[in-house]
Amino acid sequence: MSMDTVKEYSSIKITREGRTETSDPVIVEQSIELLINGMKLSSIVTTPEDHKELAVGYLLTEGVVESMNDILSVKEENGCVDVRVKSFERTDIMFEIRSAGIGVVRGNRDDGIRIPPGQRFSINTILNSLKFLYSETHDITRGAHTACLIDADGNLKYRALDVGRHNAIDKVVGAASLAGDDLSKMFLLSSGRQPAGMVMKAIRVGIPLVVSKAAPISSGIDCALRANLTLACFADKEKVKVFSCPERIIVKADE
């Protein structure tokens with residue numbers, strides 16, 4: 001946990017018996033400007049780290065660029081991340097202020113993408129991986145979301161924390177994409193609810209399975225069904241509930 005991510009604030013604890021001076025660790029957020037070829041696209045409220053990864057993941061998961069082949073360079077300076085791309089048209093792109101991961105560029109638009117069958121994951125691997133969602137920062141602040149990318153062997157490949165559940169996903173996708181890893185061979189772990197805006201992020205970059213300890217939203221399930229993505233929610237150490245494409249998860253009876 002970075003010291004820059006958490007700051008101590010004084011507070012007054014009030015009970016039926018009276019008042020007590022105390023202090024609490026609080027997660028820190030800041031705003032960064034996302035530029036495309038020098039032109040401002042968005043302001044994103046995030047934690048003080050992994051801004052390049054966030055910017056790249058954001059552009060990929062929102063469909064602003066189709067792949068890493070479209071990205072020429074990424075530079076961070078003075079609170080701005082400037083991504084140089086081969087070409088950029090503002091058709092159907094609207095400027096927006098994105099606070100704690102709320103709000104997206106292209107929203108829930110269905111891009112007609114379908115995730116191919118093939119890659120499967122063991123239920124044991126999925127359930128055993130939930131430990132990676134634990135965050136000391138969230139434990140002490142109650143204000144953080146976590147996202148992880150896990151391979152089929154259960155190895156933690158990427159992990160990120162942020163004030164916003166959308167941002168956490170963008171950070172791990174950006175990190176994997178900058179490293180040249182194949183996202184279609186991994187599944188995404190998320191601590192957050194799964195509406196369409198979250199599910200579409202995974203769909204756009206070809207992630208075949210999303211696992212969350214939180215609840216799905218109807219729009220997220222509908223997106224997953226259309227795109228052939230496996231959406232598994234309410235995950236704990238004993239089970240997941242799968243709302244689409246359960247055949248992608250291997251259980252003991254299949255072995």
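No lab work stands behind these numbers, since they all come straight from the coordinates. Predicted, not measured: the structure shown is a model, and the values here were computed from it. Counting neighbours? That spans all protein chains shown, and the Cβs are built from the backbone with ideal geometry, glycine included.
Its DSSP H runs of at least 4 residues, each contributing -39,500 (n - 2.57), put the calculated 222 nm mean residue ellipticity of the chain at -6500 deg cm²/dmol, to the nearest 500.
Quote the Stokes-Einstein diffusion coefficient, in whole µm² s⁻¹, for the chain, based on the Kirkwood radius over alpha carbon pairs, a temperature of 37 °C and a viscosity of 0.692 mPa s. Kindly include the intermediate steps, with their values, before the conclusion.
On the way: Rh = 18.9 Å.
The diffusion coefficient I find is 174 µm²/s.
Starting from the coordinates of the alpha-carbon atoms of region 131-205, obtain the Kirkwood hydrodynamic radius over all distinct pairs and give the value in Å to one decimal.
Values: mean 1/r = 0.0803 Å⁻¹.
Computed over Cα pairs of region 131-205, the Kirkwood hydrodynamic radius comes out at 12.5 Å.
Size descriptors for region 133-255, from the alpha-carbon set: Rg then Dmax equal 13.6, 42 Å.
May I ask you to compute the full-extension gain from ARG84 to LEU178, defined as 0.36 nm times their residue separation minus their alpha-carbon distance, rounded to one decimal in nm? Can you show the working numbers first?
Numbers: separation 94, 0.36 × 94 = 33.84 nm, distance 1.40 nm.
Stretched out fully, the ARG84 to LEU178 stretch lengthens by 32.4 nm.
Among the listed pairs LYS201/LYS239; LYS52/LYS171; LYS157/LYS185, those whose Cα-Cα separation exceeds 20 Å are LYS201/LYS239.
Enumerate by residue number the trypsin sites (Lys or Arg not before Pro) in region 181-242 meeting two conditions: DSSP loop (anything except H, G, I, E, B), and at most 10 other Cβ atoms within 10 Å of the site's Cβ. Here the trypsin sites (Lys or Arg not before Pro) that fit, given the DSSP loop and packing criteria, are LYS237.
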